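Notes follow the structure.
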Amino acid sequence: STPGSFVKAAEEVAVAYDLSFSEGWLLGGTYSIEIGPRAPQELALAMFLVSGAAVQNLSDSPLLEHYSIEELLIIASMIQAETQDETQMGGIASVIHNRLRNKEPLGIDAKTRYELDDWINPIPTAALESKTPYNTRRKVGLPPSGIAAPSAAALHAAFYPESTPYFYYLHGFDKAIHYAVDYEGHKTNIELYR
């Protein structure tokens with residue numbers, strides 16, 4: 001398909017279904033789509049419909065008393081952007097929910113990367129210090145939209161996070177995830193693993 005045609009198709013789905021945003025509403029996975037001029041539209045619609053069915057299966061989550069479906073989809077998209085390892089998703093979800101409950105900034109740099117549209121280079125200090133809707137280091141609460149197509153595992157983690165005491169995590173150079181209850185423990189993890 002032509003560059004940008006899938007993004008346009010995703011935005012059309014958001015308009016057609018009166019969604020606040022498209023990214024986060026499209027479930028990542030494997031889809032069979034016939035090659036042709038309507039392939040981007042068929043893929044975007046298929047991803048949305050599968051996402052809706054997945055969300056419906058999670059509709060008994062007690063978190064729906066505190067969050068809207070779209071808020072949980074934003075959380076799922078952040079989880080997906082932070083890790084591809086399904087075994088880490090529940091713990092990351094726990095940290096996100098613990099911080100939201102305490103009204104603490106989330107500190108998830110994937111949101112700033114999304115805003116900058118740069119997933120490779122180091123994040124400039126100015127971007128980390130600016131108050132923007134996506135800078136979760138400076139802003140308390142959730143950003144205005146999803147940033148990725150969450151997997152079924154990320155969705156499940158957002159709706160049913162693990163119960164942990166953790167407020168911090170980092171991915172070490174050892175490729176493992178390291179959690180901490182407080183900032184002192186997080187600083188120790190930075191020294192040990194980063």
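The values are calculated or read from the model by the stated rules, or taken from the named source; none is laboratory data. As the structure is a computational prediction, the values presented were derived from the model and not from experiment. In this analysis, Cβ positions are derived from the backbone assuming ideal geometry, glycine residues included, and neighbour counts consider all displayed protein chains. These area figures cover heavy atoms from the full protein model, side chains too; ligands, DNA and RNA do not enter into them. Shrake-Rupley method; radii C 1.70, N 1.55, O 1.52, S 1.80 Å.
Considering only region 158-176, how many residues are more than 30 Å from residue 56 (Cβ to Cβ) and among the aliphatic types (A, V, I, L, M)?
Adding up the residues that qualify gives 2.
If I go through region 175-189 residue by residue, how many of them are surrounded by fewer than 15 Cβ atoms within 10 Å (Cβ to Cβ) and among the hydrophobic types (A, V, I, L, M, F, W, C)?
2
Let's see how each residue does on (1) out of contact with any helix residue (DSSP H, G or I) (no Cβ under 8 Å at 6 or more places or on another chain); (2) surrounded by 19 or more Cβ atoms within 10 Å (Cβ to Cβ); (3) not in a loop (DSSP other than H, G, I, E, B):
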position: 3; (1), (2), (3): yes, no, no
position: 7; (1), (2), (3): yes, no, yes
position: 12; (1), (2), (3): no, no, yes
position: 24; (1), (2), (3): no, yes, no
position: 30; (1), (2), (3): yes, no, no
position: 35; (1), (2), (3): yes, no, no
position: 43; (1), (2), (3): no, yes, yes
position: 46; (1), (2), (3): yes, no, yes
position: 50; (1), (2), (3): yes, no, yes
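Just checking, which of 22, 94 is at pLDDT below 95 and of a type in the set (Ser, Thr, Tyr)?
When all the criteria are applied, what remains is 22.
Using the structure shown, decide if residue 94 is closer than 20 Å to residue 182 by Cα and either open to solvent by less than 10 Å² (accessible area, probe 1.4 Å) or among the aromatic types (Phe, Trp, Tyr) (or both).
yes
What number goes with the only condition from (1) under 15 Å from the mean Cα position of the chain (by Cα); (2) polar (S, T, N, Q); (3) surrounded by fewer than 15 Cβ atoms within 10 Å (Cβ to Cβ) that residue 112 does not pass?
In the conditions (1) under 15 Å from the mean Cα position of the chain (by Cα); (2) polar (S, T, N, Q); (3) surrounded by fewer than 15 Cβ atoms within 10 Å (Cβ to Cβ), residue 112 misses (3) alone.
Residues that are in contact (Cβ under 8 Å) with a residue 60 or more places away in the chain: find the helices (runs of 4 or more DSSP H) completely inside region 83-176 holding 2 or more of those.
Helices (runs of 4 or more DSSP H) meeting the threshold: 86-101, 152-159.
Quick one: would you say residue 74 is assigned to a helix (DSSP H, G or I), of a type outside the set (Ser, Thr, Tyr) and either open to solvent by 50 Å² or more (accessible area, probe 1.4 Å) or closer than 21 Å to residue 21 by Cβ (or both)?
Taking the combined requirement at face value, the residue satisfies it.
Here's a check for you: in region 124-174, which residue that is of a type in the set (Phe, Trp, Tyr) and over 14 Å from residue 106 (Cα atoms) is surrounded by the fewest Cβ atoms within 10 Å (Cβ to Cβ)?
173
Any chance you could count how many residues in region 108-129 are touching a Ser or Thr at 6+ places or on another chain (Cβ under 6 Å) and of a type outside the set (D, E, K, R)?
Residues that pass the stated criteria total 3.
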